[in-house]
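Below: one structure, written as C-alpha cells.
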C-alpha cells in the first residue's frame, strides 16, 4: 500500500480504460443502499497489482478515505459515512465524494489487510 495509513474503502476494479502513464482503470464502489458509484482512477492509487488491458477483471481494490461519522442502520448493522476527497481528492465520475457504506467494507489500520470482493451482480446501477 501507499504511505497513507487508512482507512480505505473496498472497491471493485472493473476494467482497464486508458494506457496513459501510469494506467487508468474504472472502479465501482457499492454503498449501503446498493447504489453502484463509478470512478476512473490511476492504477497505483487503487491497487498494488500490476494491471494491464489483458488482466482478468474484475479485481479487488481500495480507495483511501476519511471517516466522517459512524452509526447503525434500522437492522443495527454498523454504517460509516466516508469522504474520498481526503486524502487524495478522489470523486465518483459524477462528482460525489461522500458515501454511506457498511463498516465491514472498510480496511482499517491494524485490522486484516485482505481486500473483500464486491459482488456487482447483486447491486443496482
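Descriptive notes on the structure:
- Count - residues of the range 25-50 that are touching a helix residue (DSSP H, G or I) at 6+ places or on another chain (Cβ under 7 Å) and buried (at least 18 other Cβ atoms within 10 Å of the Cβ): 3
- Close pairs (9 angstrom Cβ cut-off, 6 or more residues apart or separate chains): closer than 13 Å to residue 28 by Cβ in the range 96-125, surrounded by 12 or more Cβ atoms within 10 Å (Cβ to Cβ) and modelled with pLDDT under 60 anywhere: 105/116; 105/118
- Positions within the range 56-79 being part of a loop (DSSP other than H, G, I, E, B) and either in contact with a helix residue (DSSP H, G or I) (Cβ under 6 Å, 6 or more places away or on another chain) or surrounded by 15 or more Cβ atoms within 10 Å (Cβ to Cβ) (or both), in sequence order: 58, 65
- The set of residues from the range 93-106 being surrounded by 14 or more Cβ atoms within 10 Å (Cβ to Cβ) and part of a loop (DSSP other than H, G, I, E, B) comprises 96, 97.
- Here the condition is being under 11 Å from the mean Cα position of the chain (by Cα) and in a loop (DSSP other than H, G, I, E, B); of 90, 9, 13, it holds for 90 alone.
- Qualifying residues in the range 55-92 (those that are free of Cβ contacts under 8 Å to residues at least 12 places away in the same chain and touching a strand residue (DSSP E or B) at 6+ places or on another chain (Cβ under 8 Å)) - the one nearest to residue 8 (Cα to Cα): 71
- Residue satisfying all of: in the range 27-54; assigned to a loop (DSSP other than H, G, I, E, B) and touching a strand residue (DSSP E or B) at 6+ places or on another chain (Cβ under 7 Å); farthest from residue 5 (Cα to Cα) among these: 53
- Applying the criterion of being farther than 19 Å from residue 14 by Cα and surrounded by 10 or more Cβ atoms within 10 Å (Cβ to Cβ) to the residues of the range 107-125, the residue that is modelled with the lowest pLDDT is 113.
The values are calculated or read from the model by the stated rules, or taken from the named source; none is laboratory data. From a predicted model like this one, the values you see are computed outputs, not experimental measurements. Ideal geometry is used to build each Cβ from the backbone, glycine not excepted, and the neighbour counts take in all protein chains shown.
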